[in-house]
Amino acid sequence: MTAYDVRVANLSVRNRQPARDVVRLVEGAPHLVALCEVAGRWPDVVHRVDGYRYVGRHDGTHGSREVALLVREDVEVVASDVVAMSAAVPRSLMAHDRWGAWARVVLPGGQQALAYSTHRNAWVQRPDGGVRPVWRGTREYRAHVRAETALLEHHTAAGWPVLGGGDFNYAVPCGRVRSVEDAWAFAPHRSLPDCGVRYVPHRLDGVCHDPVFEAVGDLAVIHRSTTGSDHDWITLTVRT
């Protein structure tokens with residue numbers, strides 16, 4: 001059996017130490033790194049990480065530039081793109097346009113996968129764990145989930161099982177919502193399993209993987225207190 005590591009890292013636009021943190025970003029040499037919030041001071045360093053290929057946009061809207069992938073140099077990239085998931089909400093800093101970055105890759109040993117990074121809208125979840133139903137950002141979150149589901153199902157059907165993750169901006173348990181069954185239908189804990197993808201969460205972030213990949217152990221966490229980000233960075237080891 002061959003093992004692969006996938007990391008999810010929200011870099012944070014407020015990070016003041018990206019040049020120092022980029023070393024931690026690829027610590028342990030994960031095969032794939034799903035990135036969110038590639039903005040602020042990050043572009044100058046993250047586009048050129050030794051031993052990795054950057055899959056993302058260098059220009060365009062904020063949303064199209066802030067989600068990306070790092071693919072280790074021994075992983076073959078067959079095709080890639082950054083695609084729109086949902087529209088921006090006017091006059092809202094919390095709901096810019098949202099995109100997803102994907103790459104069809106061949107991992108060492110010949111295993112095919114769809115590397116994927118996503119960043120869903122923030123502020124849809126109330127402190128009690130429910131959802132803000134009438135906010136336009138919530139409607140765009142739903143649009144994002146529908147577009148994401150269609151994308152993942154398309155690639156999976158073509159023989160590219162999902163291995164990625166991102167910042168889903170939705171936590172379970174939270175407030176009165178203590179179980180997956182009580183979560184909103186568009187929360188990642190429900191929407192991803194509904195399209196046949198396993199979801200391994202940590203706070204607002206998570207790793208998603210097709211059942212062809214089996215998790216080995218628990219998530220490894222790089223705590224946010226050791227980086228300039230306001231999110232923990234998480235890594236899951238899987239095997240085929």
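The values are calculated or read from the model by the stated rules, or taken from the named source; none is laboratory data. As the structure is a computational prediction, the values presented were derived from the model and not from experiment. Methodologically, a virtual Cβ is constructed for each residue, glycine included, from the backbone with ideal geometry; neighbour enumeration extends over all protein chains shown. Note: accessible area is taken over every heavy atom of the protein model, side chains too, but ligands, DNA and RNA are not part of it. Shrake-Rupley method; radii C 1.70, N 1.55, O 1.52, S 1.80 Å.
Each residue was assigned an accessible area with a 1.4 Å probe, and for residue 83 the value is about 30 Å². In the context of the full set of protein chains, the range 110-240 has a per residue accessible area of 41 Å² (1.4 Å probe).
Please give me, ordered by residue number, the chymotrypsin sites (Phe, Trp or Tyr not before Pro) of the range 90-130 that lie in loop per DSSP and have at most 16 other Cβ atoms within 10 Å.
123
The shape of the range 88-138 comes out prolate: with a ≥ b ≥ c from the C-alpha gyration tensor, a/c is at least 1.5 and a/b beats b/c.
Between the alpha-carbon centres of the range 75-152 and the range 207-221 there is a gap of 19 Å. Below 11 angstrom from the Cβ of residue 136, what's the summed charge of the other residues (Lys, Arg +1; Asp, Glu -1)? Computed value for this residue: +3. List the trypsin sites (Lys or Arg not before Pro) in the range 126-183 that DSSP assigns to loop (not H, G, I, E or B) and whose Cβ has at most 15 other Cβ atoms within 10 Å. Which are they? Sparse-neighbourhood loop trypsin sites (Lys or Arg not before Pro): 176, 178.
Taking label positions 7 Å along the Cα-Cβ direction at both residue 77 and residue 53, the computed distance is 0.6 nm, reported to one decimal.
Indicate the gyration tensor shape class of the range 123-240 (rounded, prolate or oblate), computed on the Cα atoms with a ≥ b ≥ c the square roots of the eigenvalues: a/c under 1.5 is rounded; otherwise a/b larger than b/c is prolate and the rest oblate.
Judged from the Cα gyration tensor, the range 123-240 comes out oblate (a/c at least 1.5, b/c at or above a/b).
Net charge in the neighbourhood of residue 182 (other residues with Cβ under 14 Å of its Cβ; Lys, Arg +1, Asp, Glu -1) is +2.
Pull out a ≥ b ≥ c, the square roots of the eigenvalues of the alpha-carbon gyration tensor of the range 43-183, then state rounded if a/c is under 1.5, prolate if not and a/b is larger than b/c, and oblate in the remaining case. Note, shape of the range 43-183 comes out prolate. Using DSSP to define loop residues, name the trypsin sites (Lys or Arg not before Pro) in the range 48-82 whose beta-carbon has at most 15 other beta-carbon atoms within 10 Å. Loop-located and lightly packed - 48. Between 81, 167, 218, the residue with the greatest mean-square fluctuation in the GNM of the chain (Cα pairs under 10 Å linked by springs) is 218.
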